[in-house]
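Heads up, the thing below is written out as structure tokens.
The values are calculated or read from the model by the stated rules, or taken from the named source; none is laboratory data. Keep in mind the model is a prediction, meaning the values are calculated, not measured. With ideal geometry, Cβ positions are generated from the backbone for all residues, glycine too; neighbour counts draw on all protein chains shown.
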């Protein structure tokens with residue numbers, strides 16, 4: 001789906017908070033017992049497993065074979081698939097997605113693909129990065145990329161839409177928007193900014209020679225410290241989440 005490469009063990013260590021903080025999105029799905037549910041961008045399968053425990057006939061899909069393997073290791077069905085071109089036709093009562101859609105940078109293709117996968121009367125419930133998400137990190141990564149001779153616009157891996165933009169795209173794909181909230185959510189980083197970047201900034205660092213990657217990360221960390229690190233040395237990321245419910249009438 002993107003130039004990002006995933007490691008399930010590293011993701012769990014540095015970003016286990018993603019599934020924990022995304023758990024409330026499950027409540028928006030409502031009852032799923034006996035329903036066919038697709039988890040789009042299932043990652044390591046933590047929430048996919050929860051959906052299965054709630055009684056759903058769940059299928060996880062992810063663009064990363066390693067993440068799919070981690071999901072299957074939990075005893076949950078999962079397949080490698082590209083969210084821009086899901087190979088399903090009217091198969092699911094609901095599509096669920098947490099912290100994945102913002103990695104899929106051709107959003108209209110994704111939404112049309114999801115629309116095809118959902119049965120009439122079904123729903124699409126998701127949380128993703130919204131307008132202003134990790135704004136400081138984005139600026140610092142772009143500045144450092146230019147300093148290290150990279151083109152940040154060509155490497156930028158995320159799509160963080162506003163409420164109006166996402167609603168318009170969903171409606172253009174055929175959905176009816178039932179709920180759309182933009183939620184500031186400052187998020188403590190358990191392994192600091194370096195841990196966060198080592199998990200999520202691969203689209204930038206992978207274009208640098210090995211010996212230049214650590215200096216790049218340290219430069220970004222240096223720029224972010226005045227805004228995102230407190231006097232005890234704890235880091236908090238400036239997350240803003242976009243959470244929505246849309247239906248296929």
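Quick notes
- Checklist (1) within 18 Å of residue 171 (Cα to Cα); (2) in a helix (DSSP H, G or I) applied to residue 137, failing item: (1)
- Taken over region 28-78, the criterion of being part of a helix (DSSP H, G or I) and without any contact (Cβ under 8 Å) to a residue 60 or more places away in the chain is satisfied by 46, 47, 48, 49, 50, 51, 52, 53, 65, 68, 71, 72.
- Note on region 209-227: residues that are closer than 18 Å to residue 188 by Cβ and either at pLDDT below 95 or out of contact with any helix residue (DSSP H, G or I) (no Cβ under 6 Å at 6 or more places or on another chain) (or both) amount to 2.
- Test for residue 127: is it assigned to a helix (DSSP H, G or I), closer than 24 Å to residue 165 by Cβ and touching a residue at least 12 places away in the same chain (Cβ under 8 Å): no
- Some residue of region 164-172 being modelled with pLDDT of 95 or more, farther than 30 Å from residue 112 by Cβ and buried (at least 18 other Cβ atoms within 10 Å of the Cβ): no
- Restricting attention to region 114-141, the residues being over 30 Å from residue 208 (Cα atoms) and either out of contact with any strand residue (DSSP E or B) (no Cβ under 9 Å at 6 or more places or on another chain) or surrounded by fewer than 17 Cβ atoms within 10 Å (Cβ to Cβ) (or both) number 4.
- Meets criteria (modelled with pLDDT under 95 and either out of contact with any helix residue (DSSP H, G or I) (no Cβ under 6 Å at 6 or more places or on another chain) or surrounded by fewer than 23 Cβ atoms within 10 Å (Cβ to Cβ) (or both)) for residue 32: no
- Selection from region 170-204 of residues that are assigned to a helix (DSSP H, G or I) and closer than 15 Å to residue 127 by Cα: 170
- Complete set of residues in region 79-108 that are in contact with a strand residue (DSSP E or B) (Cβ under 8 Å, 6 or more places away or on another chain), under 24 Å from residue 158 (Cα atoms) and buried (at least 18 other Cβ atoms within 10 Å of the Cβ): 81, 83, 86, 95, 96, 97, 98, 99, 100, 101, 102
- Filtering region 196-233 to residues that are in contact with a strand residue (DSSP E or B) (Cβ under 8 Å, 6 or more places away or on another chain) and without any contact (Cβ under 8 Å) to a residue 24 or more places away in the chain leaves only 230.
- Sole residue being modelled with pLDDT of 95 or more and under 24 Å from residue 200 (Cβ atoms), chosen from 118, 125, 58: 125
- Any chance residue 144 is buried (at least 20 other Cβ atoms within 10 Å of the Cβ) and either touching a residue at least 40 places away in the same chain (Cβ under 8 Å) or under 17 Å from the mean Cα position of the chain (by Cα) (or both): yes
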